[in-house]
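Asker: Shown below is the structure under consideration.
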Amino acid sequence: MNRTVKTFFLSFLMIFLGLSAATSSLNESSEITVLEEENDSQEVILSLNLLNEPGHQEGSIFTDTTFSAGAYHTCAILDDGSLNCWGWDNYGQLGDGGTNTNKDTPVLVSLGNGRTAVAVSAGDYHTCAILDDGSLKCWGLDNYGQLGDGGTNTEEDTPVSVSLGNGRTAVAVSAGGYHTCAILDDGSLNCWGNNSFGQLGDGGTN
């Protein structure tokens with residue numbers, strides 16, 4: 001009986017050792033190929049002449065600046081490039097050229113023949129928009145010169161052009177309470193309007 005058990009045990013041990021050796025040999029001869037996924041990031045940089053093109057492409061200013069709410073009015077650029085505003089119009093901040101009547105539905109802003117908007121920013125009582133040709137227009141309250149038209153600080157109920165300098169265009173705009181700032185196509189920053197707290201960044205408080 002003991003001899004039978006010993007024989008069985010030895011047979012089992014030999015079979016096990018044989019299988020282990022075969023498996024080890026197969027593992028050693030197997031070729032393992034590791035595939036690494038290459039996903040190089042690519043940064044898209046648009047040329048300056050494409051920065052004012054409508055669309056949601058990377059690098060375009062026509063992305064997250066198509067909607068802006070001021071103190072008591074709101075403006076939005078639609079998918080066809082038209083600009084609509086609604087709300088309080090006591091200073092002409094809706095830009096519809098009307099009789100400064102409050103509107104509870106969107107009204108079209110007249111940007112000029114064939115012009116569309118690519119960015120809009122609403123201040124407290126004035127609004128500014130960059131057009132598809134890179135020009136900048138503002139309208140509404142102008143008591144501190146926040147419209148940037150170089151005029152007599154007279155409120156405007158239709159858009160007026162901002163003088164950005166010879167050959168310059170705007171790529172970003174932000175309207176504050178009573179002042180406005182814009183980044184130009186050469187990377188320079190211009191501000192105008194109320195400066196009582198130095199918000200124009202020119203070193204003064206006039």
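Asker: Computed FRET efficiency, Cβ-Cβ of T205 and S161, R0 35 Å: what is it to the nearest 0.05?
Answerer: 0.80
Asker: Per residue, what accessible area does segment 132-206 have, given a 1.4 Å probe and all protein chains present, in Å²?
Answerer: Roughly 48 Å² per residue, with all protein chains present.
Asker: Moving on to the next point. Measure off 7 Å from each Cα along the Cα-to-Cβ vector at N143 and D185, then give the distance between these two points in nanometres to one decimal.
Answerer: 3.6
Asker: While we're on this one: Length gain on complete extension for the stretch A172 to Y72, per 0.36 nm per residue less the alpha carbon to alpha carbon distance?
Answerer: Numbers: separation 100, 0.36 × 100 = 36.00 nm, distance 2.23 nm.
Additional length available on full extension: 33.8 nm.
Asker: Within the accessible area of segment 78-133, what % is carbon and sulfur when the probe is 1.4 Å and the other protein chains stay in place?
Answerer: That share works out to 46 percent.
Asker: When Lys and Arg each count +1 and Asp and Glu each count -1, what net charge do the other residues less than 13 Å away from G148, Cβ to Cβ, add up to?
Answerer: Neighbourhood net charge equals -1.
The values are calculated or read from the model by the stated rules, or taken from the named source; none is laboratory data. Not measured: the values here are computed from a predicted model. All Cβ positions, glycine included, derive from the backbone under ideal geometry; neighbour counts span all protein chains shown. Accessible surface areas use protein heavy atoms only, side chains included; no ligands, DNA or RNA. Shrake-Rupley method; radii C 1.70, N 1.55, O 1.52, S 1.80 Å.
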